[in-house]
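Enquirer: Would you mind keeping the following structure in view while I ask a few things?
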Amino acid sequence: MIETTYIHLTEEEKRCFEAAIAENKKILEIKFKKFTVFLLIIIELIILYLIYLFEENGFSVILKFLTIVPIWGIIMITYLYFQKYIPAKKLFKLYSGILNEGKYQVKRIKSNYCEKYSDRNADYYLFIVEPEIIVLLRKQDFEIDETIFPSNNFIIPPFELRACLNLIC
């Protein structure tokens, strides 16, 4: 049987979520470097104007190659900022919601039969829940105490919570 249940947070888990929220808040407080991007756009426009002025000379070829530097700078500043900002924003919302509710949602799998399966790149667990329902999960995505293997009760937290919940365990 596969069911969705809720696990209430302990005090230790609450402290872990508060620490994760504070860490994500630090990332969210970093401001986008607007002045630097604006300065790079001005430099790009100056180079383009110089290309216009010196179009007949061989000097314009060098200037055309110089246009790559400000464009690359604008793209990299924007990319590096949003590469950190977007995941931090998602996790901040998720952790804040969980902390406000005081519980989080997990999947519980109760099966009668479980088998280990290995592929070239990963190891899997194959759960036969009912005769017509088979669950295949990667071993790397969650931890199972194999001393009680095959168990009939596995709890799988959401992927986004694994980093925070693994700090507790």
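The values are calculated or read from the model by the stated rules, or taken from the named source; none is laboratory data. Since this is a predicted model, take the numbers as computed values, not measurements. So basically every Cβ, Gly included, is an ideal-geometry build from the backbone, and we count neighbours across all protein chains shown. Ligands, DNA and RNA are stripped out before the accessible areas are found, and what is left, the full protein with its side chains, is counted by its heavy atoms. Shrake-Rupley method; radii C 1.70, N 1.55, O 1.52, S 1.80 Å.
Enquirer: Among the listed pairs Lys25/Lys110; Lys33/Lys64; Lys25/Lys103, which are separated by more than 31 Å between their Cα atoms?
Expert: On the way: Lys25/Lys110 38 Å; Lys33/Lys64 25 Å; Lys25/Lys103 21 Å.
Violating the 31 Å Cα-Cα cut-off are Lys25/Lys110.
Enquirer: Here's something else I'd like to know. What relative contact order, as a whole-number percentage, does the stretch 1-133 give when Cα pairs under 8 Å and 6 or more residues apart are counted? Don't jump to the answer; show the numbers that get you there.
Expert: Details: 118 pairs, mean separation 54.6, N = 133.
It rounds to 41 percent for the stretch 1-133.
Enquirer: Compute a Gaussian network model of the chain, connecting alpha carbons closer than 10 Å, and tell me which residue from Ala22, Ala122, Ala88 fluctuates the most.
Expert: Judging by the Gaussian network model, the answer is Ala122.
Enquirer: Now for a separate question. Would you work out the charge dipole size for the chain about its Cα centre, treating the Cβ of every Lys and Arg as +1 and the Cβ of every Asp and Glu as -1, and quote it to the nearest 20 debye? Write out the running numbers ahead of the final one.
Expert: Values: 21 positive and 21 negative charges, 114 e Å.
Using Cβ point charges on Lys, Arg, Asp and Glu, the chain gives about 540 debye.
Enquirer: With charges set only on the Cβ (+1 for Lys and Arg, -1 for Asp and Glu), what does the dipole of the stretch 8-95 come to about its Cα centre, in debye to the nearest 20? Spell out each step's value before the answer.
Expert: Numbers: 12 positive and 9 negative charges, 59 e Å.
Charge dipole, the stretch 8-95, about its Cα centre: 280 debye, nearest 20.
Enquirer: Hey, another quick one. So which helices of the chain fit the span-like rule, where a helix is a whole DSSP H run, its Cα atoms reach 18 Å or more along the axis, and its mean Kyte-Doolittle is at least 1.6? Don't skip to the answer; put the middle values down first.
Expert: Working: long enough: 11-29 (27 Å, -0.91); 34-53 (29 Å, 2.44); 68-101 (49 Å, 0.66).
Membrane-span-like by this rule: 34-53.
Enquirer: Using the Kirkwood formula on the Cα atoms of the chain, what hydrodynamic radius do you get, in angstrom to one decimal? Walk me through the numbers before you get to the answer.
Expert: On the way: mean 1/r = 0.0483 Å⁻¹.
Here the Kirkwood hydrodynamic radius works out to 20.7 Å.
Enquirer: Mind checking which lysines have their Cα closer than 22 Å to the Cα of Lys31? Skip sequence neighbours fewer than 8 apart in that chain.
Expert: Lys84, Lys89, Lys90, Lys93
Enquirer: Sticking with this one: Can you list the residues of the stretch 81-109 with backbone N under 12 Å from a point 7 Å past the Cα of Ile7, pointing along Cα to Cβ?
Expert: What the label zone holds, given the 12 Å backbone N cut-off, is 103-109.
Enquirer: So with the 1.4 Å probe, I'd like the accessible area per residue for the stretch 1-80, rounded to whole Å². Mind dumping the intermediate values first?
Expert: Working: 6040 Å² over 80 residues.
Ligands and nucleic acids excluded, the figure is 75 Å² per residue.
Enquirer: Heavy atoms only, probe 1.4 Å: what % of the accessible area of the chain goes to carbon and sulfur, would you let me know? Walk me through the numbers on the way to the answer.
Expert: Numbers: 7460 of 12070 Å².
Ligands and nucleic acids excluded, carbon and sulfur give 62 percent.
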